[in-house]
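The values are calculated or read from the model by the stated rules, or taken from the named source; none is laboratory data. If you're wondering where the values come from, they're calculated on a predicted model, not measured in any experiment. Don't worry about glycine lacking a Cβ; one is built from the backbone with ideal geometry, like all the others, and counts go over all protein chains shown.
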Amino acid sequence: MSVANLVKGCPLFYEIYDNEVEEILGDCVVATYETDDYIIKQGDTSTDICVLLSGEAKVTVEKEGKVKEITTLAKGDLFGELVLINEVERTANIVAIEPCDVLILSYETFYSYYQKRPKIFALMVLNVTRLVTKRLKAANKLIEELNYQNSQN
């Protein structure tokens, strides 16, 4: 199966034509991780945006020596997108639950589309904005639920 077929449905490529996705993929690399490998380590500095092509990974955060699992990532999920808003220190761990293939798009490559393919750049920025907004809404809903539960105690 081609990488282009693997990224279909990924929110980063929403509304981008297949031939344009192929062009973007030509500027990316694919890395393979084994079970329990860190794909991203909390606190590290990196400028890569990633898409999980295969396998599953978990998102964890470490605080005061304790590790808390936040969520699970599956095929097509995007992560590391906060680098696009100058957040280069990783805020969580991404750990492979099983062998994973990960598409890696560097910050520099992402922003190179501003000059060479402005339409593609605009769509990718819009898509990342949609994703971040969706995650923010989910976080706000969780906060509201926790505040309600707290007020009932």
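Scan region 101-124 for residues that are over 19 Å from Ser46 (Cα atoms) and either aliphatic (A, V, I, L, M) or in contact with a strand residue (DSSP E or B) (Cβ under 7 Å, 6 or more places away or on another chain) (or both) and jot them down.
Ile120, Ala122, Leu123, Met124
Among (1) surrounded by 16 or more Cβ atoms within 10 Å (Cβ to Cβ); (2) within 20 Å of Thr45 (Cα to Cα); (3) modelled with pLDDT under 95, which single condition is Asp77 missing?
Among (1) surrounded by 16 or more Cβ atoms within 10 Å (Cβ to Cβ); (2) within 20 Å of Thr45 (Cα to Cα); (3) modelled with pLDDT under 95, Asp77 violates only (2).
Given the structure, is Glu87 of a type outside the set (Ser, Thr, Tyr) and either over 14 Å from the mean Cα position of the chain (by Cα) or part of a strand (DSSP E or B) (or both)?
no
Output the number of residues of region 91-124 satisfying the condition of being in a loop (DSSP other than H, G, I, E, B), at pLDDT 95 or above and of a type in the set (S, T, N, Q).
Qualifying residue count, region 91-124: 0.
To keep it simple, each residue is scored yes or no on (1) more than 16 Å from the chain's Cα centre (by Cα); (2) buried (at least 19 other Cβ atoms within 10 Å of the Cβ); (3) closer than 17 Å to Ile97 by Cβ.
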residue	(1), (2), (3)
Tyr14	no, no, no
Glu20	yes, no, no
Asp27	yes, no, no
Gly55	no, yes, yes
Val59	no, yes, yes
Glu64	yes, no, no
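Filter region 100-153 down to residues that are surrounded by 10 or more Cβ atoms within 10 Å (Cβ to Cβ), without any contact (Cβ under 8 Å) to a residue 12 or more places away in the chain, farther than 15 Å from Pro11 by Cα and aromatic (Phe, Trp, Tyr), then give me how many there are.
2
Yes or no: region 84-96 includes at least one residue that is touching a residue at least 60 places away in the same chain (Cβ under 8 Å), within 21 Å of Ile16 (Cβ to Cβ) and not basic (Lys, Arg).
No; the residues of region 84-96 include none that is touching a residue at least 60 places away in the same chain (Cβ under 8 Å), within 21 Å of Ile16 (Cβ to Cβ) and not basic (Lys, Arg).
Just to be sure I understand the filter: pairs with C-beta atoms under 7 Å, separated by 6 or more residues or on different chains, first member in region 37-63 and aromatic (Phe, Trp, Tyr), second member surrounded by 16 or more Cβ atoms within 10 Å (Cβ to Cβ). Which pairs pass?
As it stands, the answer is Tyr38/Asn93; Tyr38/Val95, since those pairs meet every condition given.
Are there any pairs with C-beta distances below 7 angstrom linking a residue in region 16-34 that is over 10 Å from Val3 (Cβ atoms) to a residue that is small (Gly, Ala, Ser) and surrounded by fewer than 19 Cβ atoms within 10 Å (Cβ to Cβ), with the two at least 6 apart or on different chains, and if so which?
Between residues of region 16-34 that are over 10 Å from Val3 (Cβ atoms) and residues that are small (Gly, Ala, Ser) and surrounded by fewer than 19 Cβ atoms within 10 Å (Cβ to Cβ), the close pairs are Asp18/Ala4.
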